[in-house]
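K.L.:
Below: one structure in structure tokens.
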Amino acid sequence: MKTNKLNITSRGLFKTGLSVALAASVGLATQANAAGTPSGTTILNTVTLDYSVNNINQDDVTADVDFLVGNKVDLTVTANDAAAVSVTPGATTTALAFEIQNDGNTLQDFVLSAANTAGGPVSVGSTSYTDNADMGTTFTYYLDDGDDIFDANSDTLITYVDELAPDASVTVFLVVDAPSTLSDDQYAGIQLNVTTHDGGAASSQGAETTASTGAFDRTVVQTVLADAGTDGVESTTSVYHVVSANIFIAKDVTVKSDPINGTTNPKAIPGAIVTYTIIVENRGTVDATDITISDNINAITGIKDDTVANLTVNYTGAGTVDSSATDAGLVNVTITTIASTDGTDGSGNDYLTITFDAEIE
Ligand SMILES: [Ca+2]
Ligand SMILES: [Ca+2]
Ligand SMILES: [Ca+2]
Ligand SMILES: [Ca+2]
């Protein structure tokens, strides 16, 4: 006859009454399925030998052996965003979301690091993009408070995930500055690296978890790195999509009249009236707001002071246009909004022209 016993060290659960053990073990059994038997569990096996002498049954003889279940390290790191995350140049609080799951059978700490990906294809989920930009290099991480929404006030700034139980997972946000030099429609990939560390103490980062070397020792909790690459490190990528206004501006000049030729083939001689034309268009994917266009005509050598006239703004888009020629020398045009590109250059609600006249000195 042979019996097997399962004792879990540091837990009194299975030593308590049957009804209590059954009720409590439902949740435990579900939780323990994927990761397997928790590390540190003592598995005790007793062999029993029954025999007789001269047909008289003798006392059973037994022998025990036990061993400790080892630490099988495994983890999964996934990007939570379904597609590239839009970011504005200069933004400092745009987050990427990741899920970190402890697939091992031991409570662990998981240390976070990240880097920009350097060109080429980069994916978030099943969507691939071409990396052609970099974000900043200072990465910060936040542990989500459970609502799956990044909020620097309610989520917790961390450098590692502390004490993640077997089969448990957490949502972590990565935040990095978007340089102001980024331009519309660029993509910047980020690789998040998660390194397995010992749980150590709560609120304290344990040492990096390493594989046990040498022969099996049934009295020691030995460690095997069971993740891909057997290094205790898993990584994944996510992607920022830079979205911005892309303001095109150009300036041109024609001669309207001169004192000799009038308006017939006039030339740019002293006393002539010139017409300046300024073209502005938003060729980017996001509205531009609070636009101010200023042109200090009185500061131009060769143009007579205070001769600006016929200031005209042609704009069919939404938003307020305010224009003035203060002291007839300083052209100021302010516009509340220029819409994102309509895909056609030189026309549309994303396009405006400013014209005004001035006299050559
Ligand atoms: Ca890059
Ligand atoms: Ca949150
Ligand atoms: Ca810890
Ligand atoms: Ca257009």
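The values are calculated or read from the model by the stated rules, or taken from the named source; none is laboratory data. In this text the structure is predicted, and so the values were computed from the model without any measurement. Cβ: placed from backbone, ideal geometry, glycine included. Neighbour counts: every protein chain shown.
K.L.:
Name the residues in region 121-140 that are in contact with a Pro (Cβ under 9 Å, 6 or more places away or on another chain) and more than 9 Å from ligand 1 (Cβ to nearest atom), would you? First the steps, then the outcome.
P.N.:
Filtering region 121-140 for residues in contact with a Pro (Cβ under 9 Å, 6 or more places away or on another chain) gives 128-131, 133-136.
Of everything in region 121-140, those that are in contact with a Pro (Cβ under 9 Å, 6 or more places away or on another chain) and more than 9 Å from ligand 1 (Cβ to nearest atom) turn out to be Ser128, Tyr129, Thr130, Gly136.
K.L.:
Something else now. Based on what the data block shows, is Asp109 touching a Leu at 6+ places or on another chain (Cβ under 8 Å), more than 16 Å from Glu208 (Cα to Cα) and either β-branched (Val, Ile, Thr) or touching a residue at least 40 places away in the same chain (Cβ under 8 Å) (or both)? Quick ask: steps written out before the conclusion?
P.N.:
On the way: touching a Leu at 6+ places or on another chain (Cβ under 8 Å): yes; more than 16 Å from Glu208 (Cα to Cα): no; either β-branched (Val, Ile, Thr) or touching a residue at least 40 places away in the same chain (Cβ under 8 Å) (or both): yes.
No: the conditions fail for Asp109.
K.L.:
Let me ask something else. Would you mind stating whether Val224 is at pLDDT 95 or above, of a type in the set (A, V, I, L, M, F, W, C) and either surrounded by fewer than 13 Cβ atoms within 10 Å (Cβ to Cβ) or out of contact with any Lys or Arg (no Cβ under 8 Å at 6 or more places or on another chain) (or both)? Break it down into steps so the answer makes sense when it comes.
P.N.:
Details: at pLDDT 95 or above: yes; of a type in the set (A, V, I, L, M, F, W, C): yes; either surrounded by fewer than 13 Cβ atoms within 10 Å (Cβ to Cβ) or out of contact with any Lys or Arg (no Cβ under 8 Å at 6 or more places or on another chain) (or both): no.
The answer is no for Val224.
K.L.:
Of the residues Ser154, Ser128, Ser52, Ser86, only one is within 22 Å of Ile190 (Cα to Cα), without any contact (Cβ under 8 Å) to a residue 40 or more places away in the chain and away from ligand 3 (no atom under 16 Å from the Cβ); which? Give the derivation first.
P.N.:
Numbers: Ser154 fails: within 22 Å of Ile190 (Cα to Cα); Ser52 fails: within 22 Å of Ile190 (Cα to Cα); Ser86 fails: without any contact (Cβ under 8 Å) to a residue 40 or more places away in the chain.
So the residue among Ser154, Ser128, Ser52, Ser86 that is within 22 Å of Ile190 (Cα to Cα), without any contact (Cβ under 8 Å) to a residue 40 or more places away in the chain and away from ligand 3 (no atom under 16 Å from the Cβ) is Ser128.
K.L.:
Within region 180-190, is even one residue away from ligand 3 (no atom under 16 Å from the Cβ), within 14 Å of Thr138 (Cα to Cα) and at pLDDT 95 or above? Write out each step before concluding.
P.N.:
So the first thing to find is which residues in region 180-190 are away from ligand 3 (no atom under 16 Å from the Cβ), and the list is 180-190.
With within 14 Å of Thr138 (Cα to Cα) added as a condition, the list becomes 190.
Still in the running and at pLDDT 95 or above: 190.
The answer is yes, given that some residue of region 180-190 is away from ligand 3 (no atom under 16 Å from the Cβ), within 14 Å of Thr138 (Cα to Cα) and at pLDDT 95 or above.
K.L.:
Answer with yes or no whether Glu281 is in a strand (DSSP E or B) and within 30 Å of Gly206 (Cα to Cα).
P.N.:
On the way: in a strand (DSSP E or B): yes; within 30 Å of Gly206 (Cα to Cα): no.
No; evaluated as a whole, the condition is false for this residue.
K.L.:
Could I ask something else about it? Search region 333-361 for residues that are farther than 25 Å from Ala309 by Cα and pair each with any residue that is within 16 Å of ligand 1 (Cβ to nearest atom) and modelled with pLDDT of 95 or more when their beta-carbon atoms are under 8 Å apart and the residues are at least 6 apart or on different chains.
P.N.:
As it stands, the answer is none, since no pair meets every condition given.
K.L.:
Here's a follow-up. Kindly indicate which of Thr195, Thr209 is modelled with pLDDT of 95 or more, hydroxyl-bearing (Ser, Thr, Tyr) and under 23 Å from the mean Cα position of the chain (by Cα). Walk me through it before giving the result.
P.N.:
Details: Thr209 fails: under 23 Å from the mean Cα position of the chain (by Cα).
On inspection, the qualifying residue turns out to be Thr195.
K.L.:
Please go through region 59-111 and pick out each residue that is surrounded by fewer than 19 Cβ atoms within 10 Å (Cβ to Cβ), more than 18 Å from the chain's Cα centre (by Cα) and either of a type in the set (Ser, Thr, Tyr) or part of a strand (DSSP E or B) (or both).
P.N.:
Val61, Thr62, Ala63, Asp64, Val65, Asp66, Phe67, Leu68
K.L.:
Which one of these is within 15 Å of ligand 1 (Cβ to nearest atom) and either at positive phi or at pLDDT 95 or above (or both): Ala118, Ala168? It would help to see each step written out before you state the result.
P.N.:
On the way: Ala168 fails: within 15 Å of ligand 1 (Cβ to nearest atom).
Exactly one of Ala118, Ala168 is within 15 Å of ligand 1 (Cβ to nearest atom) and either at positive phi or at pLDDT 95 or above (or both), namely Ala118.
K.L.:
Among the residues in region 202-212, are any touching a strand residue (DSSP E or B) at 6+ places or on another chain (Cβ under 8 Å), of a type in the set (S, T, N, Q), assigned by TED's automatic domain parsing to the domain that holds Asp345 and without any contact (Cβ under 8 Å) to a residue 40 or more places away in the chain?
P.N.:
So far as region 202-212 goes, no, none of its residues is touching a strand residue (DSSP E or B) at 6+ places or on another chain (Cβ under 8 Å), of a type in the set (S, T, N, Q), assigned by TED's automatic domain parsing to the domain that holds Asp345 and without any contact (Cβ under 8 Å) to a residue 40 or more places away in the chain.
K.L.:
Restricting attention to region 316-359, and to residues there that are aliphatic (A, V, I, L, M) and buried (at least 19 other Cβ atoms within 10 Å of the Cβ), which single residue is modelled with the lowest pLDDT? Let's see the steps before the verdict.
P.N.:
Quick first cut of region 316-359, residues aliphatic (A, V, I, L, M) only: 318, 321, 325, 328, 330-331, 333, 335, 338-339, 352, 354, 358.
Then drop every residue that is not buried (at least 19 other Cβ atoms within 10 Å of the Cβ), which leaves 325, 331, 333, 335, 338, 352, 354, 358.
Values: Ala325: 80, Val331: 92, Val333: 93, Ile335: 94, Ile338: 95, Leu352: 96, Ile354: 95, Ala358: 96.
In this case the residue turns out to be Ala325.
K.L.:
Separate question: Among the residues of region 182-189, is there at least one that is closer than 29 Å to Gly36 by Cβ and either outside the structural domain of Thr285 (by TED's automatic domain parsing) or surrounded by fewer than 18 Cβ atoms within 10 Å (Cβ to Cβ) (or both)? First the steps, then the outcome.
P.N.:
Going residue by residue through region 182-189, those that are closer than 29 Å to Gly36 by Cβ are none.
Within region 182-189, not a single residue is closer than 29 Å to Gly36 by Cβ and either outside the structural domain of Thr285 (by TED's automatic domain parsing) or surrounded by fewer than 18 Cβ atoms within 10 Å (Cβ to Cβ) (or both).
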